[in-house]
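As structure tokens, the structure follows; a few thoughts come after it.
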Amino acid sequence: MVTTPGRYTPAMCNTVRLILCLVFFVPAFALLGAFATLDSGERAPWAGLLGGALAGLLFGLGFGGLPA
């Protein structure tokens with residue numbers, strides 16, 4: 001598909017949406033996971049950080065429109 005300058009294709013918009021969702025969700029959920037482990041005190045904060053980042057990755061891919 002050929003586009004004129006200033007026009008965006010749907011694929012370009014989907015890519016930008018996916019990147020923005022990942023940039024938002026991964027760090028946000030990682031911080032939530034780290035704070036949750038600090039609050040409980042049972043595990044090291046790194047475990048919560050990695051678990052939260054994984055959850056954020058899944059949410060970011062889901063809301064960002066994971067390409068099939």
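Do we have GLY41 as among the small types (Gly, Ala, Ser) and at positive phi here? Lay out the reasoning, then the answer.
Working: among the small types (Gly, Ala, Ser): yes; at positive phi: yes.
Against the criterion (among the small types (Gly, Ala, Ser) and at positive phi), GLY41 qualifies.
Of the residues screened, LEU66 is one that is surrounded by 11 or more Cβ atoms within 10 Å (Cβ to Cβ), touching a helix residue (DSSP H, G or I) at 6+ places or on another chain (Cβ under 8 Å) and modelled with pLDDT under 85.
In segment 9-22, which residue that is surrounded by 11 or more Cβ atoms within 10 Å (Cβ to Cβ) and free of Cβ contacts under 8 Å to residues at least 24 places away in the same chain is farthest from the chain's Cα centre (by Cα)?
The first filter runs over segment 9-22 and keeps only residues surrounded by 11 or more Cβ atoms within 10 Å (Cβ to Cβ), leaving 9, 12-22.
Keeping just the survivors that are free of Cβ contacts under 8 Å to residues at least 24 places away in the same chain gives 9, 12-13, 15-16.
Numbers: THR9: 23, MET12: 18, CYS13: 16, THR15: 13, VAL16: 12 Å.
Once the filter is applied, the top-ranked residue is THR9.
Listed by first and then second residue, the pairs with beta-carbon distance under 7 Å, at least 6 apart or on different chains, first residue in segment 28-46 and under 15 Å from LEU57 (Cα atoms) and at pLDDT 95 or above, second crowded, with 16+ Cβ neighbours inside 10 Å and among the aromatic types (Phe, Trp, Tyr), are PHE29/PHE59.
Return yes when ALA30 is surrounded by 13 or more Cβ atoms within 10 Å (Cβ to Cβ) and out of contact with any Asp or Glu (no Cβ under 8 Å at 6 or more places or on another chain) and no when it is not. Show your work before the answer.
On the way: surrounded by 13 or more Cβ atoms within 10 Å (Cβ to Cβ): yes; out of contact with any Asp or Glu (no Cβ under 8 Å at 6 or more places or on another chain): yes.
The answer is yes for ALA30.
Looking at GLY6, GLY62, can you tell me which residue is assigned to a helix (DSSP H, G or I) and among the small types (Gly, Ala, Ser)? Explain how you work it out, then say what you get.
On the way: GLY6 fails: assigned to a helix (DSSP H, G or I).
That would be GLY62, the only listed residue that is assigned to a helix (DSSP H, G or I) and among the small types (Gly, Ala, Ser).
The values are calculated or read from the model by the stated rules, or taken from the named source; none is laboratory data. Since the structure is predicted, the reported quantities are computational estimates derived from the model, not experimental observations. Ideal geometry is used to build each Cβ from the backbone, glycine not excepted, and the neighbour counts take in all protein chains shown.
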